[in-house]
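These notes concern the structure reproduced below.
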Amino acid sequence: MLDYDVIIIGAGVTGSAIARELARYSLRTAVVEKEEDVCSGTSKANSAIVHAGFDAVPGTWKAKLNVEGNRMMERLSQDLDFPFKRNGSMVLCFSEEEKPGLEKLLERGKTNGVEGLQIITGDEAREMEPSLSDEVVYALHAPTGGIVCPFGLTIALAENAAENGVEFLFNRSVDRIENTGEGYAVHTSKGDLSAKYVVNAAGVYADRIHNMVSENKIKIIPRRGEYVLMDKEAGGLVSHTIFQLPGKLGKGVLVTPTVHGNLLVGPNAVDLDDKENTATTAEGLDEIRQKALKSVKGIPYHLTITSFAGLRAHEENDDFIIGEAEDAEGFFDAAGIESPGLSCAPALGKYAAEMIAAKAGADKKPDFKGTRKGFIRAAELDPEERGKLIREKPEYGNIICRCENISEGEIRDAIRRTPGAVSLDGIKRRVRQGMGRCQAGFCTPKAMNILAEELHVDIHTICKNREGSEFLKG
Amino acid sequence: MKRELTCIGCPLGCALTVETDDGGEIHVTGYTCARGKDYAIKEVTCPTRIVTSTVPVEGGVISRVSVKTEHDIPKDKIFDVMNEIRRTSVSAPVRIGDTVIADCAGTGTAVIATKNVESL
Amino acid sequence: MLYHDIVIIGGGPAGLAAAAAAKEAGISDILILERDEMLGGILNQCIHNGFGLHTFKEELTGPEYAQRYIDRVLEEKISYRLHSMVIDISRDRQVTYINREEGLVRLQAGAVILAMGCRERPRGALNIPGYRPAGIYSAGTAQRLMNIEGYMVGKEVVVLGSGDIGLIMARRMTLEGAVVKVVAELMPYSGGLKRNIVQCLDDYGIPLKLSHTVVDIHGKERVTGVTIAQVGADRKPVPGTEEYYSCDTLLLSCGLIPENELSRQAGLEMDRVTSGPVVGDDLETSVEGVFACGNVLHVHDLVDYVSEEAARAGRQAARFVREPRKKEEKQDALLKGENGVRYTIPQHLNVECMDEQTVVRFRVDNIYRNKSIVVYFDGKEAVRRKKRILAPGEMEQIILKKSAFSSCPDVKEIRICLED
């Protein structure tokens, strides 16, 4: 007997979205992830934008899934209790000559079904966003654009999938996949697994996974983007997500508030060979800082709290590869998922799950629970509620992270969930401990102790993220 | 023999040169005040340091207590002192000034606690 | 609502000294709110010696220095709460804090003294490119892990920044068996005390590279090395000067910033240079009855000065509780630092109400030799004092006597600058 009906490779936002949607069906599903936690690759380091959907060429997967994903996101954020905000976006142009570029986006957007799109003048734009550059001549305003917490979204999807029976297997990289006739044998770094169906949601590694079973080779290019994140003090500089007209390598440098109130600037785009190269560079950071200033005046870079880089899983032909591989029955791809992948995730998950369920002839489970309770954010409660919470659960009265006001209660909750945090980055992504302006200076020792206690392990084994990233040495 | 030192007496940080001639007499140049000269002579004749560290506490409200050598010890004994401190532990309660090691590494100097630790 | 005459936020050296002084000035109803598990603040992890030379005329370790003040607080039966985090201060001095036992508590304070200390500048603020692996610590975090928890953070270490904590940690890690390969400092001079450079680096043969910085961090999981390069006069790396150092740990000691969350949230007027609140000679902030002292006001070099300043805040808060003054009654002279003087504390002074003398503290922006500190009252020279050396790492001070204002009680501007 096969171990599972479906094995999903990759626990990023795409894998987690597919897992959550598959959980609606009577299928035994597992998610295999090479890192120690969900949301550890492309999903963790990106612009955190829910695009309106005017960018993609009509008829592409990107176009189809973006608009639908955008529409689904609000409801999903309520069902699964993660931060999402429809803050609207603008694409700027800086000369009369560029206006046709905006008009083209407007047309595309209309074709794709984006609602409320409108080209406005620079003055109108500045009225809505006083910090916009004086050079702005026109802007495409998209009221449906939004921002989301990519960790919040991915973790919510994964938790909800787990609650409905999906298993998550971490620290397992896939070395080889074999078609056994009755299904697939998935050879991992921690033993072999078998399943009738395999879903490839492996991000920048999706080409390797696909090419293990298919002769129609694909290539995923890791395209690095660097970002600068600023303190919440700077978060109010703009309320919309501010784009420039897209260039060849992507949507260009944006300036946006985050759902948590920080200000984010980035990304650039550099194609690499190394699928693990998330290093930032002095030149790259300079480039985005300069380019962003073209859009928005007075970006307070002295309030920078961190900079980071992520890898887009760019597919050569510039579209997602979704569906069953032609020469590998039962092997489904969700490959080349780069921007607007985050925005597409809800729709992609639904679409892929329906496809797999149809293939498997699986029925919907009557007992699927489609909602999930998010983490309590004690600092956001009103004083009476917060006092009541602490009386009931005293650990919410012990503040560990001073900058973000995160208590021991939130940290323990992050660890105790399924799938729960097993690293400090895992805690950070769930409840924002160490995400603030001191970047974990004070709370690292305390969070390490709590994690070691909860996991019943020696503190020397506590990692920042994957194995090998231990904090203590010697 | 000639040695170059930086005076630690004040922020001026005078660059001191200390020469010991064949007769064993010490000549200091580069100092601005008498403290600088005294410091230089001490540094070449018998340099000493206070060593501070921590040792584990058993049965205390916290797990470690800070300690120091009660007096300066010869500079070349620092690592001997550290080695002995590293092999030591104490039991709560501990009071500031309590002797942790009576004669540390043969220096004739005690290692004493610099923090109070109550019993659990 | 619960009431206390004086609520002190922070039980470190500043909060303790403020409490003791307020008590001495006749106020008994004092509450100290400390967020950590013990009184003493950051001194608990500063196990090295060298504290208290000014105050006690002897060399104490951090915990010993703290204990002197803790003992006074205990003897005076001043109440304090541990594990208690203040989450809000209102303009009318309502203080809200939380802890496990009491939940959320709101109380009214006659006066509030801010004494939350400071924090370290993190990597992000330094804009060091490269990977983001484990093994990058601010020096103070490493210090806590080693000295409080007893854990070793690394075996091969590079330190960026020659602030005192970085120097102290270079020695500490060496003593515990680590190899500290180099200390790189962006500036052409060290921000640390001479004594620390000699006794923490020279003693152990650790090189100090001035005008150098980290330009790349290597290692995907744990730090495997860093690249260091020389910087030019513009503080930008000079191409071709890159040098690779293999190491598993990078310690950052690149400056301290007042812990100003509450100060900002309470709406205090802030000083852009110090990142702390603006205060008068009575150490009162722009909000009536809210005082500030210690590193939350401006980063000090020696704890002795923290204690002294905090005691002043304690006395002034006590005075405020006894005879509250309205802000608008005050007509203050503004202090201005110029020509090498980066800032002054206080930022304004009330000639009529001031003590017999006021200590004005400031820092300079470079190393200066044989300069004079000159004070002008509305453009007229009032004080001139020669200094052999002034350095950014050391806090400077000049004393203004009340009697000096007898001829100009209505002075509007007090300018402090460096001259030849």
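The values are calculated or read from the model by the stated rules, or taken from the named source; none is laboratory data. Quick caveat: nothing in here was measured; it's all calculated off a predicted structure. So basically every Cβ, Gly included, is an ideal-geometry build from the backbone, and we count neighbours across all protein chains shown.
Observations on the structure shown:
- Subset tally (residues that are of a type in the set (Gly, Ala, Ser) and either touching a Cys at 6+ places or on another chain (Cβ under 9 Å) or within 11 Å of chain C (Cβ to nearest Cβ) (or both)) for segment B:1-24: 3
Results for (1) over 13 Å from A:ILE415 (Cβ atoms); (2) buried (at least 23 other Cβ atoms within 10 Å of the Cβ); (3) in contact (Cβ under 8 Å) with a residue 12 or more places away in the chain, shown as yes or no for each residue.
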residue: A:ARG430; (1), (2), (3): no, yes, yes
residue: A:GLY436; (1), (2), (3): yes, yes, yes
residue: A:CYS443; (1), (2), (3): yes, yes, yes
residue: A:ALA452; (1), (2), (3): no, no, no
residue: A:LEU455; (1), (2), (3): no, no, yes
residue: A:HIS460; (1), (2), (3): yes, no, yes
residue: A:ARG466; (1), (2), (3): yes, no, yes
residue: A:SER469; (1), (2), (3): yes, no, yes
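- Among residues of segment C:107-122, those that are surrounded by fewer than 24 Cβ atoms within 10 Å (Cβ to Cβ) and either in contact with a Leu (Cβ under 6 Å, 6 or more places away or on another chain) or of a type in the set (A, V, I, L, M) (or both), counted: 2
- Within segment A:136-254, strands (runs of 3 or more DSSP E) holding 3 or more residues that are surrounded by 21 or more Cβ atoms within 10 Å (Cβ to Cβ) and at pLDDT 95 or above: A:138-142, A:146-148, A:191-200, A:220-230, A:241-244
- Residues that are buried (at least 22 other Cβ atoms within 10 Å of the Cβ) and either closer than 28 Å to C:LEU193 by Cβ or under 21 Å from the mean Cα position of the chain (by Cα) (or both), drawn from segment C:23-44: C:ILE32, C:LEU33, C:GLU34, C:ARG35, C:LEU39, C:GLY40, C:GLY41, C:LEU43, C:ASN44
- Residues in segment A:390-427 that are among the aliphatic types (A, V, I, L, M), part of a helix (DSSP H, G or I) and facing another protein chain (nearest Cβ under 8 Å): A:ILE390 only.
- Subset of segment C:184-222 [of a type in the set (A, V, I, L, M, F, W, C), out of contact with any Lys or Arg (no Cβ under 7 Å at 6 or more places or on another chain) and surrounded by 18 or more Cβ atoms within 10 Å (Cβ to Cβ)]: C:MET187, C:LEU193, C:ILE197, C:VAL198, C:LEU201, C:ILE206, C:LEU208, C:VAL214, C:VAL215, C:ILE217
- Considering residues of segment A:428-474 that are over 26 Å from A:GLU380 (Cβ atoms) and among the aliphatic types (A, V, I, L, M) only, the residue farthest from the other protein chains (Cβ to nearest Cβ): A:LEU455
- Single match in A:ALA309, A:ALA282 (criterion: within 14 Å of chain C (Cβ to nearest Cβ), at negative phi and crowded, with 18+ Cβ neighbours inside 10 Å): A:ALA309
- Qualifying residue in segment C:125-133 (condition: more than 21 Å from the chain's Cα centre (by Cα), free of Cβ contacts under 8 Å to residues at least 24 places away in the same chain and within 30 Å of A:ASP286 (Cα to Cα)): yes
- Apart from one condition, C:VAL180 fits all of (1) buried (at least 23 other Cβ atoms within 10 Å of the Cβ); (2) within 9 Å of another protein chain (Cβ to nearest Cβ); (3) touching a helix residue (DSSP H, G or I) at 6+ places or on another chain (Cβ under 6 Å); the exception is (2).
- For segment A:259-288, the set of residues classified as closer than 21 Å to A:THR241 by Cα and assigned to a strand (DSSP E or B) consists of A:LEU263, A:LEU264, A:VAL265, A:GLY266, listed by residue number.
- Only one entry of C:ILE148, C:ILE165, C:ILE113 meets the criterion of being at the interface with chain A (Cβ under 8 Å from one of its Cβ atoms) and hydrophobic (A, V, I, L, M, F, W, C), and that entry is C:ILE148.
- Subset of segment B:33-82 that is within 8 Å of chain C (Cβ to nearest Cβ) and part of a helix (DSSP H, G or I) - its residue that is farthest from C:ASP203 (Cα to Cα): B:MET82
- Condition check for B:GLY13: small (Gly, Ala, Ser) and loosely packed, with under 12 Cβ neighbours inside 10 Å: no
- Among the residues making up segment C:86-131, those that are β-branched (Val, Ile, Thr) and either touching an Asp or Glu at 6+ places or on another chain (Cβ under 8 Å) or assigned to a loop (DSSP other than H, G, I, E, B) (or both) are C:VAL95, C:THR96, C:ILE128.
- Subset tally (residues that are assigned to a loop (DSSP other than H, G, I, E, B), surrounded by fewer than 21 Cβ atoms within 10 Å (Cβ to Cβ) and in contact with a strand residue (DSSP E or B) (Cβ under 8 Å, 6 or more places away or on another chain)) for segment A:312-328: 3
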